[in-house]
Structure formats: C-alpha cells, structure tokens
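Working notes, structure below.
What follows is calculated from the coordinates using simple rules that are stated; it is not laboratory data. Note that this is a predicted model, so its numbers are computed, not measured. Every residue, glycine as well, gets a Cβ built from its backbone with ideal geometry; the counts of neighbours run over all protein chains shown.
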C-alpha cells in the first residue's frame with residue numbers, strides 16, 4: 001500500500017522529479033494541482049529554509065506529510081544574486097531568455113555559479129521541520145544551450161559537465177541541486 005505525501009508545488013517538472021525519487025519507496029506523491037489546491041504562498045522569507053517552511057506549513061492540515069522546496073541560482077560575479085529572487089530576476093528582465101542574456105554579460109570573466117535547493121518536510125506528530133539541502137556547482141554559459149528543463153537550465157552547466165538544457169530528467173537529477181536534496185529526503189524517508 002502506498003503512503004501519501006504532498007509536494008506543495010504547482011510545478012509539474014519538480015513534481016515529476018520528486019516522484020522519480022519517492023515512488024520507488026512506496027510513496028504516492030501529490031502535487032497541489034492533484035488535490036485542487038490553488039493557494040499561492042508568498043515567498044517573502046529571508047532564506048531558502050524560511051520560504052520552503054512557509055510553503056509546507058500552509059498545507060500541514062492535510063492528513064499526510066507535506067514537503068516543499070525553495071531554490072535559487074547564485075552567481076559569483078553578482079555576489080550570490082539573484083539567489084532567493086531568481087524567478088523575480090527573470091521577471092524583471094522581461095523573461096528567462098532576456099535574463100539569461102543578462103547573466104551571460106554579467107559573468108564574462110567569471111562564470112562560476114551554483115544552484116541551491118532546500119526542502120522542508122513536515123511530518124505528522126513531529127514538532128520540528130526537517131530540512132534537506134542540495135547544491136550543484138557549475139557555471140553560466142555564454143549562450144543558452146538546449147531547451148530541456150525549465151527556468152535558467154539552458155544557461156547552466158554543472159561542474160560534472162552536464163548541460164541542464166540538453167540533459168534529460170534522469171541525467172539532470174543525478175547532479176542537480178533538487179536531485180541532491182530529494183536524494184537526502186528519500187534516504188531519510190527510507191529509514
């Protein structure tokens with residue numbers, strides 16, 4: 001019998017990634033859309049942990065565990081920005097295509113960047129939230145490559161040489177920030 005768990009996200013790509021890690025453990029992973037939950041949580045925390053916690057907490061009344069994530073792209077040449085404001089950065093630039101061009105220009109000479117993802121898990125009967133963080137070191141590309149993934153993926157290459165815009169979901173998950181955080185979550189849930 002499957003155990004139910006909610007990933008508090010509307011993002012289908014993220015949901016599929018989570019299902020790939022948790023379904024083999026016997027989890028039936030719901031996304032917000034699967035349960036007809038349309039609530040949007042304002043991400044105004046001062047850290048990935050705060051934002052992930054806020055999103056999970058908004059749905060803790062459900063009868064099964066809830067987890068959520070927050071992630072960002074931290075660019076060394078920009079002092080770690082856009083970080084928490086990655087989606088907002090893209091919006092302010094007019095979209096991801098324009099934002100990728102801006103990043104390529106800003107990182108000329110120092111393309112180092114990293115993706116960070118923090119997952120917050122709220123379990124029934126547990127007083128404290130649990131956090132799982134994954135980091136993927138890499139660099140911003142001079143030109144976007146491919147059209148796989150979402151967000152800034154076409155502009156990012158991991159230090160392992162994986163072009164996120166060309167990689168299929170399995171290839172990306174092996175090195176991605178979210179994949180690493182999900183692996184930690186799956187390991188915890190398997191114990």
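Listed values, structure above:
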{"item": "Cα gyration tensor shape for the chain, rounded if a/c is under 1.5, else prolate or oblate", "result": "prolate"}
{"item": "Nitroxide proxy distance, nm - points 7 Å out along Cα→Cβ at residue 28 and residue 110", "result": "5.1 nm"}
{"item": "Most mobile of 23, 61, 176 in a GNM of the chain (Cα contacts under 10 Å)", "result": "61"}
{"item": "Rel. contact order, % - alpha carbon contacts under 8 angstrom, at least six apart, the chain", "result": "18 percent"}
{"item": "Degrees separating the helix 48-57 axis from the principal Cα axis of the chain, which is the longest one", "result": "30 degrees"}
{"item": "Global form of segment 141-183, assessed from the alpha-carbon gyration tensor, a/c cut-off 1.5", "result": "prolate"}
{"item": "Rough spin-label spacing in nm, given labels placed 7 Å along Cα→Cβ, for residue 93 and residue 10", "result": "2.3 nm"}
{"item": "Fluctuation leader among 172, 97, 157 - the chain, Gaussian network, Cα springs under 10 angstrom", "result": "97"}
{"item": "Relative contact order (%) - segment 1-100, alpha-carbon pairs under 8 angstrom, separation at least six", "result": "23 percent"}
{"item": "GNM result for the chain, Cα springs below 10 Å: residue of 26, 151, 134 fluctuating most strongly", "result": "26"}
{"item": "Rounded to 5, percent antiparallel among DSSP beta bridges of the chain", "result": "80 percent"}
{"item": "Nearest-ten-degree value, helix 96-106 long axis tilted from longest Cα axis of the chain", "result": "50 degrees"}
{"item": "Gain upon complete extension [residue 3, residue 137; 0.36 nm per residue less C-alpha separation]", "result": "44.9 nm"}
{"item": "Crossing angle, helix 177-190 versus the chain [Cα axis fit, 0-90 degrees, rounded to tens]", "result": "20 degrees"}
